[in-house]
Each structure stands twice: as C-alpha cells, then as structure tokens.
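Asker: Okay, handing you the structure first.
The values are calculated or read from the model by the stated rules, or taken from the named source; none is laboratory data. Remember, predicted model here, so these are calculated numbers, not experimental data. Cβ placement follows ideal geometry from the backbone for every residue including glycine, while neighbour counts extend to all protein chains displayed. Please note that ligands, DNA and RNA were not included when accessible areas were found on the heavy atoms of the full protein model with its side chains. Shrake-Rupley method; radii C 1.70, N 1.55, O 1.52, S 1.80 Å.
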Amino acid sequence: MTRLRIIEPFETRASFYPTEQEWVQKLIREVCPTVTFSEIKSLSNIIETPIVKFELGERYYRAFAKIGFHYFLTQFTMYTGHEEMFARIREFIYVDTKEPIRRVNEFMNERQLPLLVNMLNPDVVPNGWRAHILAAETKPGVCLAHVQMFLTEEWARVGPIYTIILAKDVPVTQHNNFAHLYQYFPDGKKGRFSGEAKPLPSMRTDIVLPRSKPVIPVD
C-alpha cells in the first residue's frame, strides 16, 4: 500500500458468497493485518446460475493461419512466402476487414482425423506430456498446413486440428509432407528453452480422409 501511495485508513468492499467468507477474510488479513470488517450485507443482484458465452474472433483463426504458414515455409524452403500463389493467405493473415467471420472457412477447415494416428504407432499416447503439432503438406494443386495446439494425454483425440489452405490451383504435382512435435520439458524450462522440437514420420497420403468440417458453423 505504501508503494501505491494509499493513505490509511481507507474503505473498500469485497463481494463473495457466504460460504467463502472465512477464507476471503483470512486472505485479506494476511495482506492487511489491521483490517476490520463491518457487518456483512447480502447483495440484491446475485446471479445464482450465471451463463457465460465465449466467442472466438477472426484474429484467433488468423493467428493459427500465420503459425501454419510460417511452419510451411521453414520446411518447403524453395518458397519465400512472397509468391503470388500465397497472396490470398497473406492478405487473410495481415489485413483486418469488415467481412463476416464466415470468411475464415475459405482458408481453414477442421480436420477430422488425428494427426498422430498417421505418424505414430496407434497404441502410442502422449503419456503425461504436453506438446504442439505442426505439419506441412503439398499435393497436386494445393499447399496445406496443419496445426494442433496443446496436445495432452486427455486432449489427444478431441482437440481441434486446423487445416490451413495456403494455396490452391497451383502447379504442384507431387505429394510431400513434414511434421514436428514441439514438446514441453516435463520439469520446466532448461536455460532459455521451454521444450524441444522433434521430427515426426511423414503423414500417410495413401488413405481417404474423413470429410473435414467448416471452422465456423454454417446455418
């Protein structure tokens, strides 16, 4: 309080449920040992069953697109990212527009087949570790990136996997792909680093993928 230049005595108010009174007052006393409490009064506008709705904005998805695009360029080094075929994804990443958020579906979809299924033994699960997976892929006529963040043992097969369409209708004729596991160290940071990148075997391209779904639901 001295650092904040607060002059004592001063009055403040705290809101809490009756069941929380004991630990809230104890917490306040630890910070201000000389505190005194007045009569506890009930609030008239307590919401017993609040409902909170979270909505993801376009910038959230554009961030995923940027991650995937940059990873693609680190693996397919014949491209710089300035090529004309990447013009639309560059604009999507860097330019704010007033267009409806549904335009995200033009550049991204949600992959329905887990990435790890194609790269590891099916019996392998992320036992206790946390990681991100990035993959980059070219196949006839299209360049793609795949991003799955915060993969854990509990989140292994249910976390969203975003496929970013980096370029389409392009003169690419061969299948090629790369993938890395960005795994956090289990015991915390080591020097400047929080984890390490591990290459994964290439994704299989000889399978039929389940139909992907739009990132933004369409009515």
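Asker: Can you tell me which condition ARG5 does not meet? The list is (1) open to solvent by 60 Å² or more (accessible area, probe 1.4 Å); (2) at pLDDT 85 or above; (3) of a type in the set (Lys, Arg), and all the others hold.
Answerer: Here ARG5 clears every test but (2).
Asker: Among the residues of region 156-194 satisfying the criterion of being under 15 Å from the mean Cα position of the chain (by Cα) and free of Cβ contacts under 8 Å to residues at least 40 places away in the same chain, which is farthest from ALA63 (Cα to Cα)?
Answerer: It comes out as VAL158.
Asker: Within region 51-79, can you find the residues that are surrounded by 11 or more Cβ atoms within 10 Å (Cβ to Cβ) and among the hydroxyl-bearing types (Ser, Thr, Tyr)?
Answerer: Result: TYR60, TYR61, TYR71, THR74, TYR79.
Asker: Do the conditions hold for HIS82, that is, is it within 31 Å of the chain's Cα centre (by Cα), open to solvent by 100 Å² or more (accessible area, probe 1.4 Å) and modelled with pLDDT of 95 or more?
Answerer: yes
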